[in-house]
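Have a look at the structure below, then the notes.
A short reminder: the numbers here are calculations on the coordinates, not readings from a lab. Remember, it's a predicted structure, so these values are computed and weren't measured experimentally. Positions of Cβ are backbone-derived with ideal geometry, glycine not excepted, and every protein chain shown enters the neighbour counts.
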Amino acid sequence: MTDSIIRVEDLGKTFRSGSSLSLGKPADEVRAVDGCSFSVNHGETLALVGESGCGKSTLGRLLLRLIDPTAGKIFFENTELTHLPAGRMRDMRRHLQMIFQDPYGSLSPRRTVAQIIAEPLDVFGIVRSRRERRDRVADLMNQVGLSPSFMDRHPRQFSGGQRQRIGIARAIAVDPSFIVADEPVSALDVSVQAQIINLMQDLQRQKNFSFLFIAHDLAVVRHIADRVAVMYLGRIVEIGPKKQIYGMPQHPYTQALLSAAPEPDPDRKARRIILEGDVPSPKRVPSGCSFHTRCPIRQDICSVERPPLREVATGQLAACHFANPFPIPVAKAVPVVPA
């Protein structure tokens, strides 16, 4: 933990909808994030993967205190952010920035590019004059591959990839130490995704900031991540170095995700793991291991006892009662079909 820039302990977020006074019905509770503990190290990229609706984006927003947790603790280096007063939290956000998923909805259509990129510079009082402001914006636009001659244009005059470059320029304007990138390429054309990923990697090498990279595309994650965390129904079920997660996944859910990824080699006959049923509602998370209703190797203990996230190999942790230092033989336990 000594090298961590972000650390969370038993982090949780429960959303409540409805009212206990409405027709005598109790309020619904959605456990979007449920007892997550992990860290992000200085200069590394931790990728967070999982199915849609599993809580990835909520977790990313919790780390930046864009929404407040209902349980657990968040630490940025040696400072606990969990209950930090609004004024101090505002100052901390100079070190904590976000790149949003939607490059169309995350930029104000009424502002020029210069105004959008310069906003954090103004908020934190980094620039002192109009000339210095424009020079800094021009430099940031050059860093993300945009011509400074475009700074007086509006977002509607740019393509999706260019808009995401604007969002990246805004995020790095105050030289943050940690950036949450919430599926930053999922809304872009495939031809543009590689350009944006390469840009983000280049900037990270130059500025040495850390990333929480939220994604569902396992091919992108394999390219950019140092470590990978797998999330299911609000819980981290496996986390470890990228090479081990892809080469020796320990949790049955991780194995199923990887088996569903397209195989680039047409001559390689991959096996696909078919999971039973649908993802349960976060309003009614199953008891014990939340994955047991779909797990091909489940046993009685799985529906009763929640497995801890424990080390199963060097640097690799998995929340499964039957995880071990060798691949779980799920191919023999479930029906498989050719990919």
Exercise for the section: Give the long-range amide H neighbours of GLY72: residues separated by 5 or more places, or on another chain, with amide H under 5 Å away, using H modelled in the peptide plane at 1.01 Å from N. Expected result: GLY12
Practice task
Tell me which residues come under 5 Å, amide H to amide H, from PHE211 once H is placed; ignore anything under 5 positions away on its chain.
Solution key: GLU44, THR45, LEU46, ILE179
Practice task
Would you grab the residues whose amide H sits under 5 Å from the one on GLN316? Only those 5+ places off in sequence or on another chain, please, with H modelled 1.01 Å from N.
Solution key: none
Practice task
Quickly work out the ALA260-to-ARG16 label distance, labels modelled 7 Å from Cα along the C-beta direction, and quote it in nm with one decimal.
Solution key: 3.3 nm
Handout entry: Selected from ILE126, ILE239, ILE117 as most flexible by GNM, with the chain as the system and alpha-carbon contacts under 10 Å
Key = ILE126
Exercise for the section: Quick one: net charge around VAL127, please, counting Lys, Arg +1 and Asp, Glu -1 for every other residue with C-beta under 10 Å from its C-beta. Expected result: +3
Handout entry: Per-residue ³J(HN,Hα) for segment 224-238, Karplus 6.51 cos²θ - 1.76 cosθ + 1.60, θ = phi - 60°, Hz, x for Gly and Pro
Key = 9, 7, 9, 10, 10, 10, 10, 10, 9, 6, x, 10, 7, 9, 7
Fill in the blank from the handout: Length gained if GLN206 through ASP175 is fully extended, taking 0.36 nm per residue and subtracting the Cα-Cα distance, is 10.1 nm
Handout entry: With at most 11 neighbouring Cβ atoms within 10 Å, loop trypsin sites (Lys or Arg not before Pro) (DSSP) excluded, longest segment of the chain
Key = 129-267
Handout entry: Peptides 244-256, 184-196, 39-51 ordered by average Cβ neighbours within 10 Å, highest first
Key = 244-256, 39-51, 184-196
Practice task
Take the alpha-carbon centre of segment 28-73, take the same for segment 91-169, and report the distance between them in whole Å.
Solution key: 26 Å
Problem - ³J(HN,Hα) computed for each position of segment 299-316 - Karplus, 6.51 cos²θ - 1.76 cosθ + 1.60, integer Hz, glycine/proline x - result: 9, 4, 4, 5, 7, 10, 10, 6, x, x, 7, 10, 6, 10, 7, 4, x, 10
Handout entry: the chain: relative contact order in percent, alpha carbon pairs under 8 Å with at least 6 residues between
Key = 19 percent
Completion exercise
Charge tally for neighbours of ILE5 with beta carbon under 11 Å away, counting Lys, Arg as +1 and Asp, Glu as -1, is -2
Handout entry: segment 51-153 - percent relative contact order, Cα under 8 Å, separation 6 or more
Key = 17 percent
Handout entry: About the Cα centre, charge dipole magnitude for the chain (Lys/Arg +1, Asp/Glu -1 at Cβ), debye
Key = 680 debye
